[in-house]
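Asks: What follows is a single structure, and I will ask about it in a moment.
Readers should treat all values here as calculations from the given coordinates under stated rules, not as data from a laboratory. Computed from a predicted model, the values in this text were never measured in an experiment. We place every Cβ from the backbone using ideal geometry, glycine too, and count neighbours over all the protein chains shown.
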Amino acid sequence: MNRVALLGVTMFICFYMDSIFFPLVNFYDICPDMMLAASICIAILSGSVSGARFGVIGGLVMDIAVGRFLGLNGAMYMSVGYLAGFFYKKYYADNIIFPAVASSAACFLKDNFLAAISALTGTKFVYTSVLLTYIVPCALITGAAAFLMYVILKPLFTSIVNKSQQERVTN
Amino acid sequence: MRRFLKNRPLVVAVAAVFILLIVALATSGDRTLTFVESAFGGAIQPVRSFASRASLAIVGFAQNIFNTTDADIENQQLKVYVSQLEQTVNELDAIKAENERLKQLLNFTEATPELNYTTGVVIGRSQGIWFDTFTLNIGKAKGVEKNMPIVNSSGLVGRITSVGATYSKAVSLIDSSMSVSVTIERTRDTGMVRGTLTPGNEVDTLELYYLPADADLLPGDKVVTSGIGGIYPKGILIGEVREVSRSSSSERNATLTPAVDFRHIEEVMVIGGMEALEGVE
C-alpha cells in the first residue's frame, strides 16, 4: 500500500465513523473525533505539511457532507494538523501516550471553540454542565481513539517509509 | 516578522485557515450549495447511502444478539436452530416495522393532499452536540428547496437549510438555532419552541417560550405547529409538555419532549407546495 492510498483509506474510515457510525452508536452523545485524532497522528508521524494537508481535506469533506459551515472543520483540523507536526521527530517515536494526550488537548480546545461560537450565536447552555458531561469525556475518548489509531498507523507508515528508502537506494 | 514570512508552510497554513474561517462565516446562513460542493457531495453520496444502510444493519444485528441471551442455556444444536428462526423473525420484524413506518407516512400524506411530499433517507449526521444537522439523499433533482419542512410519521423533524443536486442538508428541530411558532392543542395559546443544548440527557428536550401570562398549561399537553410564518404547515405535532415552569423571572414556560425520536431518524418526508396551502387558507 502506498502513502496516498493509506491516507485515503484512513480518511474514509474517519469520515464513516464520524458522520455515520458514531451518530448512531454513542453513549449520551459522547463519541471520539476520529478525523481530529487522525490529523494529529499523521502530523506526528510525517510532519506539519502532511498533517495540515490531511486535516484540511478531511475537514472539508466533513463540511461538505454533513457540516453546517463550509470551512470550519477544514480550518480547525488544518490548524491542529499543522501544530501537531511541530512534534515530528522531536520526541521518542514509540511513545504512544504523546499522540493520545495531544488529541485530547486538541479535542478539548476544539469543543471550547465551538462552545464559544454557539454562545456567540445565541445558544444558551450551562458551561460547567457541558464541560463535565460532554467536553471532557469527548476529549478523553478522542485521546483513547488516537492511542489506538497511532498503534495501527505507525507500523504502516514506517513500512512505507522504509520501502521508499529501499527503492531510492536501489535506484 | 521576517522569520515568520520566511517559513513558507506556516504562512500558507495561516492564510488557508484565515480564508477557511472567512468562507465558514460567509456560508453560515441558509443557502444553495455551490457547484463544487454539490458535485462532490453527489459523487460520494452512493458510498454514504451504502455505508449508512450497512451501519443500520450492523446496529440491528448487534441489538438482535443482545436480545437472544436466553438461548445460552439451550444445547448447541437447538441454539443454532433457534438463532436461525430468530434471524428470520427479526428480518420479518424489521420489514414489518419499516412497513409500519411507511404506512404511517402514507397516512400523513393522505391527511393533507394539497401538499406534496418527497420521501428521503437520512444518510449522514453532524458530529458533536453543537450543531444538530443531517444529510438527506434527495436534492434539487427531486424538487427539494431551501426552507422546506421535514416530517416523519411522528411529527416535525426540521427544515432544509441547503440543497445540492442530489442531496440536501437539514437542521433538526432540536438544534439550538431552531425556533418554531406553535399552538397548544388544548388551549389554542400560541408560543415559540426552541431547540436546546442539553448533553448527557437520554431524552432530547425542547423549550417553550412566549406563552401568554395567563396560559393554562399542563404536563401532557400536545404542542403543534401554528402555521404562522409560512414555513411549517399548521397542525404538525411537535411534542408534549413534560414540565411547566411557573417562575416569573424565566421567560421559559415549559420543557417539551419532542414527538420525534431524533436519535433514530431513518425515513423522512420533505413537504413542498406550501404556497398552495396558503392559497387554500
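Asks: What does the helix-only formula give at 222 nm for the protein assembly as shown: each DSSP H stretch with n ≥ 4 adding -39500 (n - 2.57), the total divided by the residues, and the result rounded to the nearest 500 deg cm²/dmol?
Replies: My calculation for the protein assembly as shown gives -16500 deg cm²/dmol from helical runs alone.
Asks: Is the C-alpha gyration tensor of the stretch B:117-207 telling us rounded, prolate or oblate? Criteria: a/c under 1.5 is rounded; beyond that, a/b larger than b/c is prolate, otherwise oblate.
Replies: Here the stretch B:117-207 falls in the oblate category.
Asks: Within 10 Å of each Cβ in peptide B:10-20, how many partner chain Cβ atoms are there on average? Round it to a whole number, please.
Replies: 5
Asks: Continuing with the same structure: Fewest Cβ neighbours within 10 Å first, please rank B:Ser245, B:Ser126, B:Ser55 accordingly.
Replies: B:Ser245, B:Ser55, B:Ser126
Asks: Could you please rank B:Thr255, A:Thr142, placing first whichever residue has the fewest other Cβ atoms within 10 Å of its Cβ?
Replies: B:Thr255, A:Thr142
Asks: Then there's this: Sticking with the crude label model, points 7 Å out along Cα→Cβ, report the distance from A:Phe86 to B:Lys6 in nm, one decimal please.
Replies: Using points 7 Å along Cα→Cβ, the separation is 1.8 nm.
Asks: Can you list which of the DSSP-assigned H helices in chain A have a Cα extent of 30 Å or more along the long axis and an average Kyte-Doolittle score of at least -1.0?
Replies: A:97-120, A:136-170
Asks: Expressed in nm to one decimal, what extension gain is obtained for the pair A:Val126 and A:Ile13 from 0.36 nm per residue of sequence separation less their Cα-Cα distance?
Replies: 37.3 nm
Asks: In the structure shown, do any of A:Lys110/B:Lys140; B:Lys146/B:Lys234; A:Lys124/B:Lys234; A:Lys163/B:Lys6 have a Cα-Cα gap over 22 Å, and if so which?
Replies: From the list (A:Lys110/B:Lys140; B:Lys146/B:Lys234; A:Lys124/B:Lys234; A:Lys163/B:Lys6), the Cα-Cα distance tops 22 Å for A:Lys110/B:Lys140; A:Lys124/B:Lys234; A:Lys163/B:Lys6.
Asks: Taking amide hydrogens as modeled 1.01 Å from N in the peptide plane, which residues meet the under 5 Å criterion relative to B:Tyr117, leaving out close sequence neighbours?
Replies: Amide H neighbours of B:Tyr117, under 5 Å, 5+ apart: B:Gly272.
Asks: Please compute the average number of Cβ atoms from other chains found within 10 Å of each residue's Cβ in peptide A:114-121.
Replies: So the per-residue partner count for this stretch is 3.
Asks: Averaged over peptide A:56-66, how many Cβ atoms belonging to another chain are found within 10 Å of each residue's Cβ?
Replies: Counting other chains' Cβ atoms within 10 Å and averaging over A:56-66 gives 5.
Asks: Give me a comma-separated list of calculated 3J(HN,Hα) values for the stretch B:140-150, in order, Karplus coefficients 6.51, -1.76, 1.60 applied at θ = phi - 60°, integers in Hz, x for any Gly or Pro.
Replies: Ordered by residue, 3J(HN,Hα) equals 4, 4, 9, x, 6, 10, 4, 6, 5, x, 10 Hz.
Asks: Which shape class, rounded, prolate or oblate, goes with chain A when its Cα gyration tensor gives a ≥ b ≥ c as root eigenvalues, a/c under 1.5 marks rounded, and past that a/b bigger than b/c marks prolate?
Replies: It is prolate, given that a/c is not under 1.5 and a/b is the larger ratio.
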